[in-house]
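Written out below as C-alpha cells is the structure these notes cover.
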Amino acid sequence: MSRRLALAAVAAAAALTAPVAASAAPGAPGPNPDRNAMGYYVALGDSLAAGYQPGAGDDKQGGYAGDVLDAVQVTQPKTRLVNLSCSGETTVTMLDGTHCDYSAGSQVDQAVRFLKAHAKNTRLVTIDIGANDVQTCVKGTAVDYNCIFAGLATVNKNLPDILGRLRAAAPDVKIVALNYYNPFLASHLAGPEGQALAQQSTMLQSILNGSIASAAAAVGAPVADVATAFESDNWTPTTLPGLGTVPTNVARICSWTWMCTKSDIHANDAGYAVLAQAVVVRL
C-alpha cells in the first residue's frame, strides 16, 4: 500500500469509528469560589500526566500537573493534587488495570472511587490518554498502518467510555482533556525519508486529536489544545541554534521535548509548562 493510500485509509477508518459528539453536552461549573475551602485536583493519564523525564522517571507532583496545581492555588490555595496517572498507560490498560496497580483495579476505577467520595470537593480533573495506543506503530521512519488502524479504533472505542465514567462519577466537576503534540516531527531532521514521515505524522496526529475532541465534547469537557500550543501545523522556516533553519513545528518539538537530543518523546520542563498553560486557559 502506498503511503498516500494508507493515510487516506487511516482517515476513512477514523471517520467510520469516531464517536459522534453529543448535541447538548452537560456543562461543568468553575472551581469552588471559596478560597478557604479544602479541595482536590485529580490528574489522570499516561507518562505526561506523571511528569516523566528521561533518566529521572516520574515526578507526579511536577510536570504539567504541578504547574496546573500552582495556577489553581493562586485563587484556591488549599487545593491538593491527587495524581493517579500511570506511565505507559493506554486506553486499554486504563480500563483493565493490567499495566499499573490500583487498589480499585484500574486507573479509571480508582478515579471513579475517588470522585464519588469527593465530588463536592473536587475542583478539576485533567486527563491525557491515547497516544500510547498508536505511538508504538512508528519505528524509525516506518509506519505500521495496520497497527495504526487498530490503535485508532481502540481509542475511539475506549475514550468515550473512560470520559463517560468520569462524568457519571462527578457530574458537576470540570474535566479538561489534553490533546497531544507530535513528537515525530523530529524525524524531519533525518533526511528525505524522515521528512516524509514528519508530514505523514501530522495527519495521524490530527486524527488522534480529533478522536479526543469528539469524546471530550460528548461529556462537556473542554480540550486543552496542546497541538496548537506547539504550533504543530506551522511549517514556516525558523532558525534554531545548533540546527540552523528548520520548520517552526520541528523547532518546537526540539525545544520543548527530548526528541531531538535523546530520541525521547517526553516533554522537558519548558514543554510541561506549555502543556500546563494549555490547560489553564481552559479553566
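Here is how the numbers come out for the structure above:
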item	result
Cross-chain or 6+ apart pairs with Cβ under 7 Å, region 122-138 first and free of Cβ contacts under 8 Å to residues at least 40 places away in the same chain, then in a helix (DSSP H, G or I)	Cys137/Cys147; Cys137/Ile148; Cys137/Gly151
Unmet criterion (only one of (1) among the small types (Gly, Ala, Ser); (2) under 21 Å from Ala170 (Cα atoms); (3) without any contact (Cβ under 8 Å) to a residue 12 or more places away in the chain) for Ser85	(3)
Residue check for Val68: in contact with a Pro (Cβ under 8 Å, 6 or more places away or on another chain), touching a residue at least 24 places away in the same chain (Cβ under 8 Å) and buried (at least 18 other Cβ atoms within 10 Å of the Cβ)	no
Some residue of region 74-89 being of a type in the set (S, T, N, Q), over 21 Å from Arg123 (Cβ atoms) and under 15 Å from the mean Cα position of the chain (by Cα)	yes
Residue tally, condition out of contact with any Phe, Trp or Tyr (no Cβ under 9 Å at 6 or more places or on another chain) and in a loop (DSSP other than H, G, I, E, B), over region 218-245	13
In region 118-139, residue farthest from Ser206 (Cα to Cα) [restricted to those that are of a type in the set (Ser, Thr, Tyr) and surrounded by 19 or more Cβ atoms within 10 Å (Cβ to Cβ)]	Thr122
Residue match in region 113-133 (condition: modelled with pLDDT under 95, among the polar types (S, T, N, Q) and under 27 Å from Glu193 (Cβ atoms))	no
Out of Ala119, Ala111, sole residue that is assigned to a helix (DSSP H, G or I), closer than 16 Å to Gly164 by Cβ, of a type outside the set (Phe, Trp, Tyr) and free of Cβ contacts under 8 Å to residues at least 60 places away in the same chain	Ala119
Residue within region 253-260 that is in a helix (DSSP H, G or I) and over 14 Å from Phe184 (Cα atoms) present	no
Residue check, Thr122 under 17 Å from Ala49 (Cβ atoms) and either of a type outside the set (A, V, I, L, M, F, W, C) or over 18 Å from the mean Cα position of the chain (by Cα) (or both)	yes
Matching residues in region 165-183 - criterion: being surrounded by fewer than 23 Cβ atoms within 10 Å (Cβ to Cβ) and among the small types (Gly, Ala, Ser)	Ala168, Ala169, Ala170
Per-region count, region 91-101, residues of a type outside the set (S, T, N, Q), crowded, with 16+ Cβ neighbours inside 10 Å and at negative phi	5
Check on Pro192, out of contact with any helix residue (DSSP H, G or I) (no Cβ under 9 Å at 6 or more places or on another chain), without any contact (Cβ under 8 Å) to a residue 12 or more places away in the chain and not polar (S, T, N, Q)	yes
Among (1) touching a helix residue (DSSP H, G or I) at 6+ places or on another chain (Cβ under 8 Å); (2) under 30 Å from Val72 (Cα atoms) - the single one Lys174 does not satisfy	(1)
Any hit, region 195-217, residues being out of contact with any Asp or Glu (no Cβ under 9 Å at 6 or more places or on another chain), free of Cβ contacts under 8 Å to residues at least 12 places away in the same chain and either charged (D, E, K, R) or not in a strand (DSSP E or B) (or both)	yes
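Matching residues to (1) within 26 Å of Ile129 (Cβ to Cβ); (2) without any contact (Cβ under 8 Å) to a residue 24 or more places away in the chain; (3) surrounded by 14 or more Cβ atoms within 10 Å (Cβ to Cβ):
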site	(1), (2), (3)
Pro241	no, yes, no
Gly244	no, yes, no
Ala251	no, yes, yes
Cys254	yes, no, yes
Asp264	yes, no, yes
Ala270	yes, yes, no
Val274	yes, no, yes
Val281	yes, no, no
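The values are calculated or read from the model by the stated rules, or taken from the named source; none is laboratory data. The structure displayed is predicted, hence computed values, not measured ones. Neighbour counts run over all protein chains shown; Cβ positions are idealised from the backbone, glycine included.
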